[in-house]
Every structure is written in C-alpha cells, then in structure tokens.
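**Student:** Encoded as structure tokens, here's the structure I'll be asking about.
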Amino acid sequence: MKNDVGNLLLAGFVLATLEVLATLVRGHALFLSVGEELQYAMTALAGLASCTLLAGLVLRVACADTRAGRVARVGVALALAAVSVVLTWQLTEGRRVHAVWWRGPAIGLLSALFGLVGYLVTLGVSSRRARRAPSLDWFAESALVSALALWLTIAVLPRSYPAFHLGLLLLAVLSVTWGALSAPALLPARLHPRILVSAGVLVVLAPYALWRLVSHPTLSFAVHEKAPWTARLMSPLAPAPRRVRAGAAPMAAARPSAQRGVDLQDRDVLLISVDALRADLLRAYGGVGRTPELDRLAAESTVFLRAYTPAPHTSYALASLLTGKFVKPLIELGQKLGDPPTLPDRLRRYGYRTAAFYPPAIFFVDGASFEALHQRGFGFEYRKEMFASADERVAQLDVYLGEADPKRPLFVWMHLFEPHEPYDPPADVAHDNSERGRYEAEVRTCDRVIAELVRRFRAARPRATVIVTADHGEEFGDHGGSYHGTSLYDEQVRIPLIWSAPDVVPARSTEVPVELTDVGATLLSTAGIPRDAHMRGDDLSAVLAGTDAAGPPFAFASIEGRHMVTDGKLKLICGAAEAHCALFDLRADPAELRNLAGAQPADVERLRAALDAFLGSISRAEAATVSAGVRFPDALARAKLGATIAADELIPLLDDARASVRSESARVLGELAARVALPRINTARAHDSDADVRAEAAIA
C-alpha cells in the first residue's frame with residue numbers, strides 16, 4: 001500500500017511537471033509575477049496528484065486478485081464504457097455525422113471496446129502484481145502516453161470539441177495510474193511515513209488551492225488559456241458569474257449620425273469582402289507589406305483601424321453585414337432569422353441595380369438558420385453563387401459591367417474565398433510551405449485581384465465608392481488556436497475596413513470602434529436612403545467626413561457563450577459561465593497577453609455595463625422569442641446571453657402565462673444558483689401545470 005501511494009504521488013508529479021513546463025513555455029507572458037507561476041505550479045501538483053491518488057485507490061482494488069477485485073474490474077469496465085458513451089456522443093454532434101444511421105451502433109461498439117480494454121488492462125496489472133513481477137517499463141510507457149495526450153490537447157483544435165480534450169485528460173490520468181501500480185517501489189522505504197502524510201495533505205489541500213486559483217482574476221485567466229489540465233480541474237469549482245443589476249441604460253437599436261457628413265447619393269458601390277483576411281497583414285494595421293495593392297488603396301481612403309466582425313464565422317458575419325443585424329446573439333436566443341430585409345433590398349427599392357458574386361460555402365456554419373437568405377441570395381437581383389477563383393471573378397465582373405444599365409447606380413458585392421483554409425496558393429506566389437506562408441500567399445493573390453477589380457469597376461463607373469473588408473480574421477497559434485470561430489481575440493475578430501471615395505472621403509485613419517453591421521447603415525445614410533426599422537448598426541457618415549467624436553463609443557462581437565466589447569483602446573472579453581472577464585489594453589498590449597482585469601476594476605465595470613446594455617438591446621430590437629410569436633422578456637434575454645442580472649428580475653417570470661417563459665426562467669435561475677428563488681422554484685416543481693416547467697424546476 002505504501003509503495004503504491006508513493007508511486008501514485010510520483011505519477012501525479014509527472015503529470016504536473018509535463019503541464020507546468022508546457023504552460024510556462026507557451027504562456028509565460030500571461031503570468032504577472034514569479035509568485036503567480038509558483039501558485040499555479042503548486043496547484044497543478046496538488047490537483048493532478050489528487051486525481052492520480054483517487055484513481056489509483058479505485059484501480060488498486062480492481063487490480064487485486066480477489067473476488068472484490070474481480071467485481072471492481074467489471075465496475076471499472078462499465079464506468080469506462082459509460083464515460084466513452086458520453087464523450088463520443090458529444091464528439092459526434094457535428095452536422096456531418098450526428099444524423100447518420102450508424103452513429104448509435106458505432107458509439108455502442110466503441111464504448112464496448114473501451115470497456116473491454118479497461119477490463120483487460122486491469123486484469124493485466126492484476127496478473128503482474130500477482131506474479132510479483134513489477135517493472136518500470138509500464139511506468140515509462142505510461143508517462144510517454146501522458147505526454148502524447150498533453151501534446152494532442154495543446155495541438156489539436158484546443159478550443160474546440162471539449163469532450164475530446166476531457167477524454168485526453170482521463171487518458172493521461174488513467175495511463176500514469178496504471179503505470180504506477182505496475183511499477184516497483186519508486187521511492188525509498190524510509191520516506192513512506194512522510195509519503196502518507198503528504199498524500200493526505202494534498203487530497204485536502206487540492207480543492208482549496210483550486211478555489212484560490214479560480215478566485216484570482218489574472219491567474220485564472222492565464223491558467224484557463226494555457227494550462228489545459230488544471231483549467232479542467234478548476235471548472236467544477238468556478239463560481240457563477242457575478243450577477244448584479246446593470247447600471248447602464250439600454251442601448252438604442254442604432255445610433256444615427258447627427259449629420260450625414262458625406263454625400264454619396266447615386267454613386268456606384270463596389271463592396272469587396274475577403275474571407276479570413278487578418279487586418280494586421282495590411283501596412284495600415286501594422287503589417288509588413290504582404291498586400292501592396294490594398295496598401296495603395298488604403299493610402300487614399302478612410303481606414304477604420306478598430307473594425308470588428310460581429311462573430312468570427314463567415315455565415316454569421318456576412319449575414320450581419322447584409323442585414324444590419326447582430327445575427328449570432330439573435331440565434332443564441334432561439335430566434336429564427338427568417339427572411340429579414342437586407343441592404344440590397346433597400347438599395348433596389350431606391351433605384352440601384354444589385355449584383356453579388358460569392359461561393360455557396362458562405363452558408364456552411366448553421367446553414368439551416370440562413371435558408372431563406374440563401375434561397376433568395378440576400379435579395380440581390382443578379383447572382384453568381386458558385387465556386388470560382390479570384391481571377392475568374394474578374395472575368396465575371398467584366399461580363400456584368402458590360403450588360404449593366406449605365407443610367408442606374410450599381411451596388412456590387414464580391415466575396416473572395418481564397419484565404420480560407422485549406423490554403424492552396426499558386427506556386428508562383430508561395431514564399432514558404434508553412435501553413436502561415438501558404439495563407440499569406442493566398443492573401444497576395446487576392447491583393448492582386450482586388451486591384452484589378454477596383455481598376456475595372458472604376459473604369460466603367462469612374463465615381464465609384466469602393467469598400468474593402470473581411471468576414472473575420474484567422475489564427476495561427478496566437479492564443480493557442482487555429483483558423484477561426486473559436487475566440488474573440490483580435491487575430492480572429494479584428495478586420496480591415498477601408499472606405500475609398502477619393503473626391504469626397506478624406507485619406508485618414510481612425511480608431512473609432514466599428515462593426516460590419518455599420519457598413520449597411522452608413523451606405524444607406526450616405527445615399528440618402530432610409531433604413532429598415534429593424535436594421536442595427538451605426539451611421540459612420542460623420543466619421544467619414546472627419547468627425548471622430550460623432551462615431552460609436554463601442555464595438556461588440558460574440559461567439560458561443562462569450563462576448564466582447566471594446567472602446568477602441570481597451571477590450572473586455574466575458575464568458576456567460578465564467579466568474580471573471582479579461583481586460584486588455586489594445587495599444588500597449590496588441591497581442592492581448594496581459595489581463596488587466598484585476599488592476600483596473602473600474603474599466604471592467606464600465607465596459608461590462610456597456611456589454612450588458614448591448615445584450616439587453618438584442619431582444620428589444622429584434623423582438624426575439626422563446627416560442628413562435630412570443631416576445632422574449634428583456635430580463636430573460638439578457639440572462640440567456642450572459643448579461644449581469646439580479647435573480648429578483650427573473651423570479652416574477654415563474655408566474656408568466658407562457659410555459660416556455662416559465663421553464664426558461666427556472667433553468668436560468670438554476671444556473672445562477674439563486675437561493676432566494678428556491679421557494680418559488682419548489683412550488684413550480686410540485687404544482688406547475690406544464691411538465692417541462694416541472695422538469696426544469698426540479699433540475700434547478
């Protein structure tokens with residue numbers, strides 16, 4: 001027993017050492033002091049050693065050659081099978097496999113295989129222990145397996161598929177545990193009394209150490225970002241987000257400019273969006289010359305240095321661009337987007353001819369939500385929805401310009417898909433074969449084609465306005481991730497926005513925070529066309545005229561369960577299920593490595609109030625629902641999207657006439673752990689007329 005405890009402690013030390021080394025190498029800049037690094041390291045040791053100890057005690061019984069051991073082996077096999085069912089079910093929730101007929105049988109077969117492997121491994125350890133033939137081989141091999149599991153956790157889509165990464169953590173713990181139980185005594189016998197005391201102290205200390213880590217804003221942020229195993233141990237202890245009444249007034253649906261600023265009435269417009277174009281590749285945004293043609297265009301344009309996509313997914317971003325709505329949080333509320341009025345609809349109504357050139361892939365993510373917009377092509381009267389190279393788009397534009405009525409103003413939207421992965425640039429533009437190198441080569445191809453598109457469009461329409469932007473950025477390990485759609489850091493959500501109308505709009509740059517939703521509002525305003533009542537977005541026409549003070553105060557973005565707000569200088573990222581927000585100074589720390597939330601609480605409160613007000617405005621502006629035709633109550637909408645809110649705003653909704661509102665309110669109150677609501681929840685659990693409400697109340 002004493003040998004086993006010593007080996008298990010050493011196994012936990014191996015796991016902690018692997019993670020601590022990887023974390024400090026990858027995320028040293030996130031820790032503000034050596035003291036923070038030591039606190040994290042000690043917590044990782046206590047947490048992971050406790051895991052190996054507890055797992056080892058269970059497996060030790062299962063590895064015993066006794067009747068109880070045989071029963072325990074069956075229990076371990078069944079537990080592994082059950083865990084694998086849960087994890088594989090979550091892993092196959094994606095749109096490609098979740099509806100295939102063989103999903104259930106495959107999960108069952110795989111889970112049975114996992115259970116069988118667990119049984120055979122414990123049987124093997126039992127046999128080895130019975131023969132008294134301990135070996136260091138298993139311990140060394142298990143350490144290698146754990147190192148491989150850590151590498152996969154860090155390298156393979158670290159922000160996606162949580163079940164996959166949880167499975168890797170379980171694999172690492174079980175692997176070193178089995179290795180420790182099959183090894184000879186790894187620590188001297190004279191240390192055994194101290195080992196037993198240390199084991200007891202670690203088991204008692206681990207929850208407290210993890211709780212201290214969770215309650216430390218900057219340290220918990222660093223661990224959450226870079227320490228995958230300790231972050232997962234922290235999550236059960238994380239308190240509910242602090243919910244207080246938001247002090248900010250609700251935001252209006254949009255902020256029209258006090259003056260039109262610039263007059264672009266009856267001007268032709270070429271809007272070019274580039275898929276996955278990082279803003280920081282352009283010189284105006286700090287780049288080093290990868291986009292010479294865009295740099296020349298920016299030199300004659302107004303450049304919005306703090307432009308953001310509302311969501312780092314193509315479908316959500318382009319739908320927001322062309323409808324003027326914050327589509328991502330709207331869909332998170334359960335609202336069907338349907339077929340809202342679009343920017344092309346408004347322009348066509350006032351005399352514009354409209355044309356669009358884009359690939360079908362822009363509707364890939366959550367395609368069912370965009371079915372109506374997809375069917376009618378966002379309201380464009382002329383469409384080329386097809387996969388085509390950037391060079392082919394030039395030829396398509398030539399054909400359209402040759403057929404277009406010269407007496408009618410044009411609005412042409414061109415979406416270039418090249419920089420999207422997989423990156424496959426022409427051989428003559430690739431400068432290296434790394435993933436980042438191939439991506440930049442694709443961007444250079446787009447850069448050349450954009451110059452040609454602008455040249456030909458302005459040759460046919462000399463006074464044309466040209467707008468160049470992107471749907472989102474692209475990550476290359478900046479914060480441990482890849483591609484897009486997984487975070488709200490600038491590499492994914494900051495986009496270029498260049499507005500060129502040389503004889504009207506001055507050549508300058510501005511740090512006014514703006515979003516893609518502002519493009520439509522500004523185009524309509526500068527053209528003298530009224531927007532639809534449900535269109536959001538700010539009118540930037542005064543900013544285009546050179547008056548920054550008239551610009552919007554904040555920009556926002558969202559992904560699943562997380563939201564961002566920036567005033568152009570500071571940026572706040574908050575998670576609906578996280579106790580702390582992360583605050584970054586975008587000027588002093590453009591890489592977003594230093595979380596200032598603990599040092600600047602007043603700025604956190606100010607930006608959080610703005611974020612809460614924005615989230616509260618979604619349901620009012622969009623008339624969001626929890627069931628067909630029923631408006632989502634404001635308090636419930638804010639809570640569902642992650643805004644700070646007091647429980648007493650939700651308790652009255654447990655008496656709402658609509659069962660859908662009552663059940664959703666019970667669920668949110670449970671997530672808030674709102675004890676003040678417990679008597680009313682118990683009443684709903686026992687007496688509500690709707691079964692769904694009773695069920696949600698029971699869970700709460």
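**Student:** Inspect all residues belonging to region 438-445 and state whether any of them is assigned to a loop (DSSP other than H, G, I, E, B) and free of Cβ contacts under 8 Å to residues at least 24 places away in the same chain.
**Tutor:** Scanning region 438-445 turns up no residue that is assigned to a loop (DSSP other than H, G, I, E, B) and free of Cβ contacts under 8 Å to residues at least 24 places away in the same chain.
**Student:** Filter region 408-425 down to residues that are touching a residue at least 24 places away in the same chain (Cβ under 8 Å) and assigned to a loop (DSSP other than H, G, I, E, B) and give me whichever is nearest to ASP280 (Cα to Cα).
**Tutor:** Among those residues, the one meeting the criterion is PRO419.
**Student:** Here's a check for you: in region 11-64, which residue that is among the hydroxyl-bearing types (Ser, Thr, Tyr) and under 16 Å from LEU169 (Cβ atoms) is surrounded by the fewest Cβ atoms within 10 Å (Cβ to Cβ)? Quick ask: steps written out before the conclusion?
**Tutor:** First, pick out the residues of region 11-64 that are among the hydroxyl-bearing types (Ser, Thr, Tyr): 17, 23, 33, 40, 43, 50, 52.
Next, only the ones that are under 16 Å from LEU169 (Cβ atoms) stay: 17, 23, 43, 50, 52.
Numbers: THR17: 15, THR23: 27, THR43: 27, SER50: 23, THR52: 28.
It comes out as THR17.
**Student:** If you check ARG494, ARG463, which single one turns out to be under 17 Å from GLU592 (Cα atoms) and open to solvent by 10 Å² or more (accessible area, probe 1.4 Å)?
**Tutor:** Checking each option against the conditions leaves just ARG494.
**Student:** Separate question: From the list LEU337, LEU305, LEU270, which residue is open to solvent by 10 Å² or more (accessible area, probe 1.4 Å) and either within 20 Å of GLN492 (Cβ to Cβ) or modelled with pLDDT of 95 or more (or both)? Reasoning before the result, please.
**Tutor:** Details: LEU337 fails: either within 20 Å of GLN492 (Cβ to Cβ) or modelled with pLDDT of 95 or more (or both); LEU270 fails: open to solvent by 10 Å² or more (accessible area, probe 1.4 Å).
LEU305 is the lone residue from the list that is open to solvent by 10 Å² or more (accessible area, probe 1.4 Å) and either within 20 Å of GLN492 (Cβ to Cβ) or modelled with pLDDT of 95 or more (or both).
**Student:** To continue, here is another question. For region 493-531, enumerate the residues that are of a type in the set (Val, Ile, Thr), in a loop (DSSP other than H, G, I, E, B) and modelled with pLDDT of 95 or more.
**Tutor:** Applying the first criterion (of a type in the set (Val, Ile, Thr)) to region 493-531 yields 493, 495, 498, 504-505, 510, 512, 514, 517, 519, 522, 526, 529.
Subsequent filtering for residues that are in a loop (DSSP other than H, G, I, E, B) retains 504-505, 512, 529.
Across region 493-531, the qualifying residue is only VAL512.
**Student:** Would you be able to say whether some residue in region 613-630 is more than 20 Å from GLU671 (Cα to Cα), at pLDDT 70 or above, open to solvent by less than 20 Å² (accessible area, probe 1.4 Å) and in contact with a helix residue (DSSP H, G or I) (Cβ under 6 Å, 6 or more places away or on another chain)? Steps first, answer last, please.
**Tutor:** Quick first cut of region 613-630, residues more than 20 Å from GLU671 (Cα to Cα) only: 613-614, 617-625, 627-630.
Retained after the next criterion (residues that are at pLDDT 70 or above): 613-614, 617-619.
Cutting the leftovers down to open to solvent by less than 20 Å² (accessible area, probe 1.4 Å) gives us 613-614, 617-619.
Filter once more, keeping what is in contact with a helix residue (DSSP H, G or I) (Cβ under 6 Å, 6 or more places away or on another chain): 618-619.
Scanning region 613-630, I find at least one residue that is more than 20 Å from GLU671 (Cα to Cα), at pLDDT 70 or above, open to solvent by less than 20 Å² (accessible area, probe 1.4 Å) and in contact with a helix residue (DSSP H, G or I) (Cβ under 6 Å, 6 or more places away or on another chain), so the answer is yes.
**Student:** Next question. Please find, within region 195-212, the residue that is most open to solvent (accessible area, probe 1.4 Å) out of those that are in contact with a helix residue (DSSP H, G or I) (Cβ under 8 Å, 6 or more places away or on another chain) and at pLDDT 85 or above. Walk me through it before giving the result.
**Tutor:** If we filter region 195-212 for residues that are in contact with a helix residue (DSSP H, G or I) (Cβ under 8 Å, 6 or more places away or on another chain), which is where we start, we get 195-196, 198-199, 202-203, 205-207, 209-212.
Still in the list and also at pLDDT 85 or above: 205-207, 209-212.
Details: LEU205: 76, ALA206: 7, PRO207: 67, ALA209: 16, LEU210: 14, TRP211: 130, ARG212: 104 Å².
In this case the residue turns out to be TRP211.
**Student:** For residues in region 348-357 being in contact with a Leu (Cβ under 8 Å, 6 or more places away or on another chain) and open to solvent by less than 40 Å² (accessible area, probe 1.4 Å), which is farthest from PHE457 (Cα to Cα)?
**Tutor:** Kept after step one, since they are in contact with a Leu (Cβ under 8 Å, 6 or more places away or on another chain), are these residues of region 348-357: 352-355, 357.
Imposing the further condition that a residue be open to solvent by less than 40 Å² (accessible area, probe 1.4 Å) reduces the set to 352, 354-355, 357.
Working: TYR352: 16, THR354: 14, ALA355: 13, PHE357: 14 Å.
Step by step, filter region 348-357, then rank; the result is TYR352.
**Student:** Restricting region 559-611 to residues that are polar (S, T, N, Q) and either out of contact with any helix residue (DSSP H, G or I) (no Cβ under 6 Å at 6 or more places or on another chain) or modelled with pLDDT under 90 (or both), which is farthest from VAL214 (Cα to Cα)? Steps first, answer last, please.
**Tutor:** Kept after step one, since they are polar (S, T, N, Q), are these residues of region 559-611: 566, 595, 600.
Filter once more, keeping what is either out of contact with any helix residue (DSSP H, G or I) (no Cβ under 6 Å at 6 or more places or on another chain) or modelled with pLDDT under 90 (or both): 566, 600.
On the way: THR566: 25, GLN600: 18 Å.
Only one residue tops the list, namely THR566.
**Student:** Looking at ASP432, ASP428, ASP405, which one is outside any helix (DSSP H, G or I), surrounded by fewer than 12 Cβ atoms within 10 Å (Cβ to Cβ) and touching a residue at least 12 places away in the same chain (Cβ under 8 Å)? Before the answer, list the steps.
**Tutor:** Details: ASP432 fails: touching a residue at least 12 places away in the same chain (Cβ under 8 Å); ASP428 fails: touching a residue at least 12 places away in the same chain (Cβ under 8 Å).
So the residue among ASP432, ASP428, ASP405 that is outside any helix (DSSP H, G or I), surrounded by fewer than 12 Cβ atoms within 10 Å (Cβ to Cβ) and touching a residue at least 12 places away in the same chain (Cβ under 8 Å) is ASP405.
**Student:** Okay, moving on. Please verify whether ARG594 is within 14 Å of GLU332 (Cβ to Cβ) and either open to solvent by less than 40 Å² (accessible area, probe 1.4 Å) or touching a strand residue (DSSP E or B) at 6+ places or on another chain (Cβ under 8 Å) (or both), treating the condition exactly as stated.
**Tutor:** On the way: within 14 Å of GLU332 (Cβ to Cβ): no; either open to solvent by less than 40 Å² (accessible area, probe 1.4 Å) or touching a strand residue (DSSP E or B) at 6+ places or on another chain (Cβ under 8 Å) (or both): yes.
For ARG594, the condition - within 14 Å of GLU332 (Cβ to Cβ) and either open to solvent by less than 40 Å² (accessible area, probe 1.4 Å) or touching a strand residue (DSSP E or B) at 6+ places or on another chain (Cβ under 8 Å) (or both) - is not met.
**Student:** Can I ask one more? Read through the list (1) within 30 Å of GLU225 (Cα to Cα); (2) part of a loop (DSSP other than H, G, I, E, B); (3) in contact with a Gly (Cβ under 8 Å, 6 or more places away or on another chain), then give the number of the only condition that GLY568 fails.
**Tutor:** (3)
The values are calculated or read from the model by the stated rules, or taken from the named source; none is laboratory data. Quick caveat, the model's predicted, so the values are computed rather than measured. Every residue, glycine as well, gets a Cβ built from its backbone with ideal geometry; the counts of neighbours run over all protein chains shown. Only protein heavy atoms, including side chains, enter the accessible area calculation; ligands, DNA and RNA are left aside. Shrake-Rupley method; radii C 1.70, N 1.55, O 1.52, S 1.80 Å.
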